[in-house]
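Student: Questions regarding the structure given below will be posed in turn.
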Amino acid sequence: MERRLTTRHRARTTVYVLLPGRKRRICKAKNLSASGVFVETADMGLRRGQTVELAFAICLGTVTKIHRRSAVVAHISRGGTGLMMEGHGG
């Protein structure tokens, strides 16, 4: 049974995952919702419950806005990492 609070949408956007003390990693988002994002990741050494910073571009017509959010690693699979954005309980 689906436990999501918000609808997820297929996404084809780039997400920068910023880890404290390390370089940012460029990842491809597979799907995105108001409360989370699933990104394709190689082994980044992330662990469940870890907090990361996300940065991604949102196109608003002629203006592109960089959106930054804190997120918590919700799950890790072979295909990528599910991140729940802070401020959205699940």
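Student: Tally up the residues in segment 40-56 that are under 12 Å from the mean Cα position of the chain (by Cα) and over 14 Å from GLY21 (Cβ atoms), please.
Tutor: 5
Student: Right, next: Among residues belonging to segment 21-57 that are without any contact (Cβ under 8 Å) to a residue 24 or more places away in the chain and of a type outside the set (D, E, K, R), point out the one that is farthest from THR81 (Cα to Cα).
Tutor: Among those residues, the one meeting the criterion is GLY21.
Student: Return the residue satisfying two criteria in turn: it lies in segment 1-24 and is exposed (fewer than 11 other Cβ atoms within 10 Å of the Cβ) and in a strand (DSSP E or B), and of such residues it is modelled with the highest pLDDT.
Tutor: Ranking the candidates gives ARG10 first.
The values are calculated or read from the model by the stated rules, or taken from the named source; none is laboratory data. Note that the structure is a prediction, hence the values are computed from the model and not measured. Cβ sites come from the backbone with ideal geometry, for glycine too, and all protein chains shown count toward neighbours.
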